[in-house]
Structures are given as C-alpha cells and as structure tokens.
Protein chains: 2
Amino acid sequence: MIVDHPTLLQEFSERAELIEQLLSIGAALSSSFDLGEILNLILSKSREITCSDAGSLYLIDQSSQPASLVFKVAQNASRPGSSFQEFTIPMTPQSLAGYVALTGQSLNLPDAYHLSAEVPYQLDRSFDRSIGYRTRSVLVLPMQNQDQETIGVLQLINRKVCPEAIVSAENALEVTQPYSEWEERVVRSLASQAAISIERNQLQESIENLFEGFVRASVQIIEARDPCTSGHSERVAALTVRLCEEVTTITAGPLRSLHFNSRQIQEVRYAALLHDFGKVGVPEAILVKQKKLYPDQLEIIRHRFALARRSLELECAQTKFRYLIEHPSHVHDSSSTGCSHCDYLVQQEQQLEAAIAEIQEHWQLLLDANEPRILSEEPLARLQALTQLTYRDVDGELQPLISESELLQLLVQRGNLNAQERLVIESHVTHTYEFLKQIPWTRHLQNVPLIAYGHHEKLDGSGYPLQLKEPEIPIQAQMMAVSDIYDALTASDRPYKRSLAVTKALNILHQESAHNKINRELVQLFEQRQVFAVLGHTIESSDLEKI
Amino acid sequence: MIVDHPTLLQEFSERAELIEQLLSIGAALSSSFDLGEILNLILSKSREITCSDAGSLYLIDQSSQPASLVFKVAQNASRPGSSFQEFTIPMTPQSLAGYVALTGQSLNLPDAYHLSAEVPYQLDRSFDRSIGYRTRSVLVLPMQNQDQETIGVLQLINRKVCPEAIVSAENALEVTQPYSEWEERVVRSLASQAAISIERNQLQESIENLFEGFVRASVQIIEARDPCTSGHSERVAALTVRLCEEVTTITAGPLRSLHFNSRQIQEVRYAALLHDFGKVGVPEAILVKQKKLYPDQLEIIRHRFALARRSLELECAQTKFRYLIEHPSHVHDSSSTGCSHCDYLVQQEQQLEAAIAEIQEHWQLLLDANEPRILSEEPLARLQALTQLTYRDVDGELQPLISESELLQLLVQRGNLNAQERLVIESHVTHTYEFLKQIPWTRHLQNVPLIAYGHHEKLDGSGYPLQLKEPEIPIQAQMMAVSDIYDALTASDRPYKRSLAVTKALNILHQESAHNKINRELVQLFEQRQVFAVLGHTIESSDLEKI
C-alpha cells in the first residue's frame, strides 16, 4: 500500500485536533443560552472546519402561514465588510435552502452555477452580482432536531483549497474545490447538534415565559379585586428594577458597593411583582372600604336612629294620652289661652321636637365623623356623648344609640380603618410571605420571599410585620419601599385621594427619609436619576398637569 | 519517517469513525431529558471509545453538608451480572473520585494498586475483593460545566488492549494497558458535555418545578377565600388524571380511540388544577353566602319590622289621644263597663295587638323562608302578600315591608342564590378562561384554557357558559365534569350539606349521565376502574362510615 506518509501524518494529527475542536464546539453549543451566539458559532466553526470562504444560516419560521425561511446570519471572509439585514424568503423548493428545508436532504454542489436542468432548485445569483462574487462549491445542510425535524438550514459556500486563499469572482474556480462527503457528514451532524441546542433554548424560554406570564396574569386577577390598585404591582416592579439598575452604576457614596446582575434584578422584579399577592387573603369589604363604617352598618344605625325617633314620638303620644285620662275635666278648646292643660300638651310636643332635632343633629354629626378625615377635638367629645344616648331597641330593651365598637370605629384618627382592620390589611405582607415561602424558587430567585416580606418595614423599626430596623431590612426591600410609596402617592386610581404631582410625591419621600423611615440615599438616587421616568412621569409635565 | 502504514491507515479510519461517533454522542447528550439515560450514555460511550472494561460515575450532592459523592452508575463488562445500588461516599481526597471532585484534576493511573506514597488518594480494594476483580489502569475525570465547576466524576477502569479481551483477577496485567493522554483529553471533554447537559436538565426541571409550585400555591391561596372548597382543585386534578390514564388503557367501546400521552395528561392536569381559578373574581359575600339574605340585609329588615311595629304603636297612641280630644265628655272610669268610649279605646289596643302579632308572624315566615330549603306552595303565597304590607319608613314615607328584590331573593326555589348571584358564581368559568387565555402556554399546554372553559357544560346543552352540546365539549372537559361533580358530592367540607358516601355519589353521577348531562361511558369507567381510589376512597369503607 502506497501512502504519502507526511501528508497522512499531517491529516492524522489534524483529525486529532479536529476531534478536540468538535468536542469543544459541542460543549459550547450545549452550554449557550443565546440564539445569536449559537447561530454565529455553528456557522463560523463549520466554515473553519471545512475551509469555507462564506456561509449563511436560515431558521424555519413555523409561525408564518405557510412556513418561511428567515435568513439569520451571513459570513463572508472575502467580503468582510458586506452588511447584512435579517429577511424572510418563502420556503419553496426553488431555492437551495428551501429545497433542503422541505426535503431534509443535504445538497453538495461542486459548482452552483452549473446545475442539472432536472433539479427544481437554482442558485439566486443576484446576491453574487451585488457584491461581485462567484459562488462555486456549495454545501447546504438541514439542521435537524432529535426527531429528525428540520428547524433550519446551514449553507457553506466555496470550499477553499487552503485556509489562506482569498476568493474573488475571477479566481473562484482556481482557489475552491468541492466539499468531501466526509465533510458533509461531519458538518451535518454538528448542525443537528446546534438544532438540538436551539430547541432546548426555545423550550426553556417557553417555560420561563410561561412562568412569567402566569405570575403576571395572577397578579392582575388578584389586583382586580381592588380596583384602586390596578397595575400597582407592575409599576412597583418597573420602578424597583430601574432603581436597581441605577444603584449598580453608582461609584461613590454609601450605595457604591451595591451591584445587581441580571439574575439578581430578576429576583427583585419577582419580589416586587408579587409583593401584594397576599392581599388575596384580605376580605374585599376591608380592601375597598371607603368610609369609617361599612355601608350596611351605617344603614342599620340609620334605622336605629329612626326607631329612636319613633319611640320618642310614641312616648310623647302615650304621655299626652295618659294626661288626658288623668285630667278628664280638661276640655280642649283651640281658642282658649292660658290653659295649663294645653300648656302641658304643647310643652310635651315641644320637648319631642327638641329631642327629634337633637337626634337629627347627632345623625349629622355621625355622618360627618364617618368621613375618612382627621377629626378635631369638639366633635370628638360630642361623639363620645352619643354612646350615652339610649333608645328602646327592636326587642324593647334600652340600648345605646351607637355601640362601643361603632364609636371606636368613628373615632379613628387617621384614614378609615380601625386598629383591627389595619392589622388585617397589614397581614397581607405575612400572607404574601407565607405564599412565596412555599414556592420552590430556583437558586437565583431564592430571596424573593424575604425581599417581599420587608417592603413595609421602616428603617427606624416602626414598620410591619416584624418591626425590623435598617440593618435587618434587605436593601432590595428598601428599594421596593421607595417605589411602593411613590406609586401609592402618584397613582391616579385611589378613591378620595387625588394623585400627587411628581415633585410633591418626591417631597413626601424626602420627608419620610428625613424621619428615618425609608433610605435617604435611595430617595436621592430615585430623584436624581429620575427613576419615575419608567412610568412615563416627568417632573415638568406632571407639575404642569396638576397646576 | 518510518510509519506502519496499515496500522496508521486503520487508526486513521477509526478516528474518522470516532469523529462521527463523538458527534452522535454529543447530539444524544444534548437531546436527552433523562438523567439516568445521560449518565448511562456517557459511561458506556466513554468505555466504548477507550476500550474500558469497567467504569463508574458519581455526582456531587451539594445539598448535603458537607457535599458528598453519590455513586450513580457502575458498568463492568467482565462482571455483567454484578448488582448495584446507589450509595453515598464522603467527598474527601482519600478516594480517587473524591480527589478529582475536590481538585478538578484528572487522574490517569497506569496501575491503581501501585500508587506513590506521596499522593493523598488510594484505591479502595474492597470492591475488587468482593467480586474477585483486579483493577489496573484507571482514568478518573471531572465532569465540569461551562463555568469549570465540577458536578460529577467519571471513572474508567482497565483500558483493554483489544475490545474482545476479558479481564480477570489473573490476566488483568496482560490484557490491560494504561490510558493514553489523548484518550484522557477526549473523554474529559465528552464528560464535560455530559455535565453541561445534566445542568441544562436540572435548570429546566427547576423552572418546571417553580411553575408547578407557583400554580399550586396560588390555587391554594385562592381556594382559601372559600373554606368550603379547600383542596377541591387538587382532588379534581388527581381524579381527572387517573381517568385519563384509565381511558388510555381501554381497547373496546366508544372510548377506545382515546389516548393520552404524558404531555396531554399534564395539559389536563393543569386545566383541572386551574378550573376554579376564576373564583377569585367572585365576591366573597356570594362565595360564602349561607342563607338567602345576607346577614346585614336580614338585620336591616329586622329593624324595618321593628320600625313598623313602633309606627303601629304610635298610630294607636295618636288615635287614642285624638279620640279623647274629640270626645272630651268621656270620663275614664276603670270600673265602668259597657262604655262605648272605653270600648273604642280597648278596640284600638286590640287591633294594635293583632297587627303586632301579624308582623311577628310575618317575621317568622321570613326567617323560615330565608333558609336554603325548597319552599312549599303556601308560604310562597304568604310571602308574596308581604310585599303588600307597608310601613312608614325612616323618612316618613310609606314603603313595603320587604322590597321586590328581597322577595325575589326569598322566593329562590333551590339553594340560596338568586338568578343574578348564580350568574356571578357561574361567571367564574369565564373568569378562569379569560385568565388562562392570556397566559403564554407552551405548545403542549395550549389547550388548557379551552379544557377548563368546558367543565360546566352539559352534554344536552343545558350547561354554562356557552351551552355547548356533546360534540363541542372537549372530552377532557367531560372528564373534568365527572371528577368535579364527584368531588363536590363527596367532599366533607361543604356547609349545610353532608358529604355523600361513594356509592350514593356514583348513583347521582349515573343519574346525571342518564339525563344526558355528563358522559355515560366516562361515569361507567369512573366506577369500574375505581378512579375515586386516588382520593383514598373505597366503596366499602366509605359506605360503612356513613351508616
């Protein structure tokens, strides 16, 4: 057997190198999460292995009707500067790529300018013409997944006789040669490995996408229970993510050591999206309560007042009747004056009128106190007096006109919730935490529960539910607190509360930070970097709007 | 240069084969979703490529403290029958695998029985002794991911001089040889590709797990709004999945053409888990309503009745007073009898008493009608009469004692919800669908929204919300309907309704199918295959329990 030893040895060692190269390409293909990276890698490495001057890569778009080919990557060593834009071609057997995509067969063409008249495909030479090129040998391969479904097409152009050769329209026939069958098999196999990797990435993306979509849809459906908070979670997430990004760019001051990579930002984002999820555990009645008393509660008190009034009328009528029985000598004469009997009856009626007026006045006082305003001293004292008033109830028992608990409700100094209701509202943070804690977060999302748990804590320990102080509150929760307050102040969907202009909201944030409630540096950064711009807010326009 | 041509040629062609083999291994590694498959594949292919007689594979368990090595796979060509059980060894440098795991360095040992005294590791010969084997050459390689983190260790044993050699304790020194450096590099690279693939799978599993966990936790938190439905969705999912599995095994009858693969079962499972998700859009008041009127509504009516009674008393007192004014000659004498004036007054009082008694009777009637029972004819007519009764309301206006809408509420023939409330409850199906529709389901879960949408449709078109008929209702929704009804009947957490014994529930399912409401074949299958067993129900025990 005659062999050219040095060449054989050379090829032998080249193949050993090739094996390791192929292995490293395989590892790179499987480990990449980036589609563009995979596409460029498979094209450049296939070109390198086969000494191809140029190449391109198409992916099949199954979502279009009919399916089409998307031209994704092009490389050309002889025309390194040629620009490229993604475009779509129909998936028909007339083009080389279309034929391969449809049939799953490879095409190994020694000269693409001289094709048999019997084949359906032809090379589109317009591209060559536009860049003054001469395509000669072409290797077109399907990129097939493990089920042998073609998901893309890899096209290698002009197999050079040596890696250094430069192909021009003039020398193409001299410096290129056909692709070997062996090259075809190796690259086809590599292309399929790329296809599998692409599909793995798509699968993973689709599940991540599914998770993301499910989270957002559930946040939305839960927020819908309280029309006042619609979109709040998404806005807090957007603000907090931007704040994270801004914090990461800081190089001086107390925040300079803080850095968030994309995974950590993702973690904060989920914590923010889900920070109010536990509100699903707060009864709607409390969630949407607008005044100090619930509407039905007020209606019952209204009836109680009516019953009291009717009881007074009844007592007056009964008293007058009894008086007449006891003073039978009295002859009522409308013309008579100075009659002591008549005086008594009139006096009774006047007393009744005065009592009714008093009840009416109390009712007005109560209606007034029912509004979620801050109460002044005087009505407070008068409200207290209300509990001293009694009436004869449904069962004939003497009862106070308003109960102790109703009074407490009306005496609420700020807002419209009593201590117990406030606790129920505040419990949403614990509900959120309990909910988030039972979810099997991936490693990079493990802190979601703790971050969300801390969003109502205050630096001075006056927050809830754990009364944590500054060092114990995760910095991400501190960021979320700033965003949460900002959105609560500026959102236009809260009832009985006009949304504030950006500058006013910022002033309140500064006050809160001055009182050591929220992080001063974060508030400053929030203002300086105009973090609120992610919501489309600007200081100018917003201020103008409110003037 | 002197080379042995035939051997070189032979090796040359073997290497070409090897390249293709490596490529196909790479593709297989990237495309597999099964850990066991990947582990067996990498071990057997590495052995094949290197002509290794035996081998084993360890994965690092980072969850244990400290991290340990789990012995996952073992293969031995000379001892094909040797049994194997997974076990854990500490990750210390004393073992070969532990050393490689800790250092990330390969070990290529010509003879593992003769190791330098300076190295920390030694071969544990007890395994050899137990099976009468002689380990000689050993190649121990780290399986590293793209970040060069070691996640496992691949150990190849006894590189044979030819693939056919059989290694025994006696001939080990003759039929084995050391591993070449080249083999070490190729297999190490392949092992890393396996590591990447394993990590990809773990990542994917962890996200799937995250999605699953999130779905289940949100179902749970939403179900918690209505204590009566706790665990219902999980049970319906379990029943429906089992029904799918049973249907798939059927080879005769109308259901024989139905087959569900694991992905389709997953789809049904998510539809079942989420079928009541839209209940979050139903106000709690309706969700947990127990009687026909809401408690506050009843309390307001009670006050209205009291007001009516006091008004009657007032009118009576006023009439009596007026009478005395108009009949001033009357001298009341308790001893007098037959006095027409006194008769009149007494008559007034008697009329009042009768009227009060009537009101009291009406109140009792109303309390009775308020219970969620089926009403008989007579109280119905009397209830109707109630709206004719008027009283002088809070503002002095004449009003009916109960409003038209309250009457309608009390006239509800079945259960405790009026038509409007029933619509609101029924709207949960549409809420569920609207919610599910906006989620970007993966390809294999695309029918989740439609399946869930159909779970309250009836075969005869009498269901809701679309009044679909049998052919239009997805078969998965028909399965879910059977499970849903079964669980509603047998669940022990519904108020005012004792849970039914399994046989009674099955009887009701049969009745429903006889009335062409639910699928007859599915109900039969549900009974015959004892699908309810997934809930721990058995016909006997459950029946005994209820006796």
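Numbers for the structure displayed
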| item | result |
| --- | --- |
| The listed residue being on the phi > 0 side of the Ramachandran plot, outside any helix (DSSP H, G or I) and open to solvent by 10 Å² or more (accessible area, probe 1.4 Å), out of B:Gln155, B:Gln148 | B:Gln148 |
| So A:Leu468, is it closer than 28 Å to A:Glu434 by Cβ and either surrounded by fewer than 19 Cβ atoms within 10 Å (Cβ to Cβ) or modelled with pLDDT of 95 or more (or both) | yes |
| Members of segment A:461-492 that are over 16 Å from A:Ser513 (Cβ atoms) and in contact (Cβ under 8 Å) with a residue 40 or more places away in the chain | A:Gln476, A:Asp487, A:Thr490, A:Ala491 |
| Checking A:Phe33 against (1) under 34 Å from the mean Cα position of the chain (by Cα); (2) crowded, with 23+ Cβ neighbours inside 10 Å; (3) not aliphatic (A, V, I, L, M), the condition it does not meet | (2) |
| The lone exception for A:Asn209 - which of (1) open to solvent by 10 Å² or more (accessible area, probe 1.4 Å); (2) in the same structural domain as A:Ser78 (by TED's automatic domain parsing); (3) not small (Gly, Ala, Ser) it fails | (2) |
| Selection count where residues are in contact with a helix residue (DSSP H, G or I) (Cβ under 9 Å, 6 or more places away or on another chain) and farther than 25 Å from B:Ala172 by Cβ, scope segment B:12-62 | 27 |
| From the options A:Arg269, A:Arg373, A:Arg322, residue that is within 42 Å of the chain's Cα centre (by Cα) and either farther than 30 Å from A:Gln476 by Cβ or surrounded by fewer than 14 Cβ atoms within 10 Å (Cβ to Cβ) (or both) | A:Arg373 |
| Contacts under 6 angstrom Cβ, first residue in segment B:17-30 being farther than 17 Å from A:Glu181 by Cβ and outside the structural domain of B:Lys45 (by TED's automatic domain parsing), partner basic (Lys, Arg) and open to solvent by 30 Å² or more (accessible area, probe 1.4 Å), 6 or more apart | B:Ile25/B:Lys45 |
| Residue ID - nearest to the other protein chains (Cβ to nearest Cβ), chosen from residues in segment A:217-227 that are surrounded by fewer than 17 Cβ atoms within 10 Å (Cβ to Cβ) and without any contact (Cβ under 8 Å) to a residue 60 or more places away in the chain | A:Ala224 |
| Residues satisfying the stated conditions in segment A:430-481, i.e. of a type in the set (A, V, I, L, M, F, W, C) and within 14 Å of another protein chain (Cβ to nearest Cβ) | A:Phe435, A:Leu436, A:Ile439, A:Trp441, A:Leu445, A:Val448, A:Ala452 |
| Segment B:255-265, subset open to solvent by 50 Å² or more (accessible area, probe 1.4 Å) and touching a helix residue (DSSP H, G or I) at 6+ places or on another chain (Cβ under 7 Å), residue nearest to the other protein chains (Cβ to nearest Cβ) | B:Arg263 |
| Subset of segment A:384-400 that is more than 15 Å from B:Leu307 (Cβ to Cβ) and touching a residue at least 12 places away in the same chain (Cβ under 8 Å) - its residue that is surrounded by the fewest Cβ atoms within 10 Å (Cβ to Cβ) | A:Gln388 |
| Single condition A:Ser334 does not satisfy, out of (1) at pLDDT 90 or above; (2) more than 27 Å from A:Asn416 (Cα to Cα) | (1) |
| Selection within segment A:241-276 - polar (S, T, N, Q) and touching a Lys or Arg at 6+ places or on another chain (Cβ under 7 Å) | none |
| Segment A:102-123 residues that are touching a residue at least 40 places away in the same chain (Cβ under 8 Å), paired with ones that are part of a strand (DSSP E or B) and surrounded by fewer than 18 Cβ atoms within 10 Å (Cβ to Cβ) (beta carbon under 9 Å, 6 or more apart) | A:Pro110/A:Gln177 |
| Residue match in segment A:228-237 (condition: surrounded by fewer than 17 Cβ atoms within 10 Å (Cβ to Cβ) and among the β-branched types (Val, Ile, Thr)) | no |
| Those residues of segment B:180-196 which are more than 10 Å from B:Met143 (Cβ to Cβ), surrounded by 18 or more Cβ atoms within 10 Å (Cβ to Cβ) and facing chain A (nearest Cβ under 7 Å), in sequence order | B:Val186, B:Ser189 |
| Long-range neighbours under 6 Å by Cβ, at least six apart or interchain, first residue farther than 25 Å from A:Ser192 by Cα within segment A:148-171, second not acidic (Asp, Glu) and not in a loop (DSSP other than H, G, I, E, B) | A:Val161/A:Val175; A:Val161/A:Gln177; A:Ala165/A:Val175; A:Val167/A:Asn158; A:Val167/A:Val175 |
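Matching residues to (1) away from every other protein chain (no Cβ under 13 Å); (2) at pLDDT 90 or above:
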| residue | (1), (2) |
| --- | --- |
| A:Asp276 | no, yes |
| A:Pro283 | no, no |
| A:Ile286 | no, no |
| A:Leu298 | no, yes |
| A:Ala355 | yes, yes |
| A:Pro372 | yes, no |
| A:Leu380 | yes, no |
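The values are calculated or read from the model by the stated rules, or taken from the named source; none is laboratory data. Since the model is a prediction, treat every value here as computed from it, not as a measurement. Neighbour counts run over all protein chains shown; Cβ positions are idealised from the backbone, glycine included. These accessible areas exclude ligands, DNA and RNA; they are computed on the full protein's heavy atoms, side chains included. Shrake-Rupley method; radii C 1.70, N 1.55, O 1.52, S 1.80 Å.
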